[in-house]
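Quick notes on the structure that follows.
The values are calculated or read from the model by the stated rules, or taken from the named source; none is laboratory data. Quick caveat: nothing in here was measured; it's all calculated off a predicted structure. Neighbour counts are summed over all protein chains in view; Cβ atoms, including those assigned to glycine, are modelled from backbone coordinates with ideal geometry.
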Amino acid sequence: MVVDVWHWIERNAAGLSLLVPFLAIGGGLLGNWLGAKVQAAGGLAQASAAREAARITAEASRLAALRDERRLAIAEFVRAVRVLFRLTGELYLRGAEEEARSAYADLAQAYAALELSAPWSLVELAVEVQEAVAASYFAARTRGLTARAMALVTGGASDRGGSGGSVYAAVVAVHDAQRRRSADVVRLTVEAERVLRAWGVLDEAQIRAVLFSPPAGMADRQEEADVLKAALIAFVRAARESLGANREGGVEWIPEPGGTRPTQI
């Protein structure tokens, strides 16, 4: 078989010699085409890798920005809750209505920022915190007025021979009748109103508060504080988990604006 092929080539050597240049040109063109195809494929792969790297970088930057935004939103929400609750205590001692109202508005704004940046599971816990501190705030608006007015009434109790002593005795009689649900409660209330107005120390809102909104005891205030504390602890724990603060090398604290990292002991 090989011998036959060789004899055929010898007989057609002249014709084959004419084909050699064309075969060389064709081979060159084929080689160039294959080389260009390989180069183009490599360029496409390189461009695709560059696009993927850019996408990954952009996604990492987005997640980092979201993490920073979430951390700040959490810190501001916790700060706003603590400020408002502190001011609810002030409402029992002094007229801090404007400060408390402003703090309540700040809390609503802080919650809105948190709602847009935190996972929904964390937002649900924030709702419980917000409801707990709001309940304390609205209770303090009523009870605080009563507490401050009663402080004035109690302060006049030492004036036993003057109008202050009579006012204190009249208010105590009303409260006692209310607790006992006595039939004399209406008569005693009318008399107490007369004495309080004649005293001239309290305004109408304070008089109504003293007679119809007996001040809450410390147990009520402590219960509000306990409910808020439990809700806030649950929220902060979930927030730390969301931020990766419980992992080694993670953020170990939630700063308040303007605060510094606590000293490690």
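Remarks
- Any hit, the stretch 230-244, residues being within 40 Å of the chain's Cα centre (by Cα), assigned to a helix (DSSP H, G or I) and over 30 Å from residue 75 (Cβ atoms): no
- Pairing each residue of the stretch 165-189 that is within 18 Å of residue 146 (Cα to Cα) with any residue that is surrounded by 13 or more Cβ atoms within 10 Å (Cβ to Cβ) and among the aromatic types (Phe, Trp, Tyr), provided the two are 6+ apart or on different chains, yields C-beta distances under 7 Å for 167/199.
- Residues located in the stretch 85-107, provided they are under 19 Å from residue 239 (Cβ atoms) and either among the small types (Gly, Ala, Ser) or in contact with a Ser or Thr (Cβ under 8 Å, 6 or more places away or on another chain) (or both): 85
- Residues in the stretch 168-200 that are of a type in the set (Gly, Ala, Ser) and over 18 Å from residue 152 (Cβ atoms): 177, 182, 183.
Here's the yes/no breakdown for (1) part of a helix (DSSP H, G or I); (2) farther than 28 Å from residue 95 by Cβ; (3) of a type in the set (A, V, I, L, M, F, W, C); (4) at pLDDT 90 or above:
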site	(1), (2), (3), (4)
160	no, yes, no, no
166	yes, no, no, no
179	yes, yes, no, no
197	yes, no, no, yes
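- Condition met for residue 98 (part of a helix (DSSP H, G or I) and surrounded by fewer than 14 Cβ atoms within 10 Å (Cβ to Cβ)): yes
- Which listed residue, of 151, 183, is on the phi < 0 side of the Ramachandran plot and part of a loop (DSSP other than H, G, I, E, B): 183
- Sole residue being more than 15 Å from residue 138 (Cα to Cα) and either within 16 Å of the chain's Cα centre (by Cα) or at pLDDT 95 or above (or both), chosen from 48, 117: 117
- Residue within the stretch 85-101 that is among the aliphatic types (A, V, I, L, M) and within 11 Å of the chain's Cα centre (by Cα) present: no
- Qualifying residue in the stretch 133-146 (condition: more than 30 Å from residue 107 (Cβ to Cβ) and not hydroxyl-bearing (Ser, Thr, Tyr)): no
- Residue check for residue 149: at pLDDT below 95 and surrounded by fewer than 21 Cβ atoms within 10 Å (Cβ to Cβ): no
- Of the set (1) charged (D, E, K, R); (2) modelled with pLDDT under 90; (3) over 30 Å from residue 133 (Cβ atoms), all apply to residue 191 but (2).
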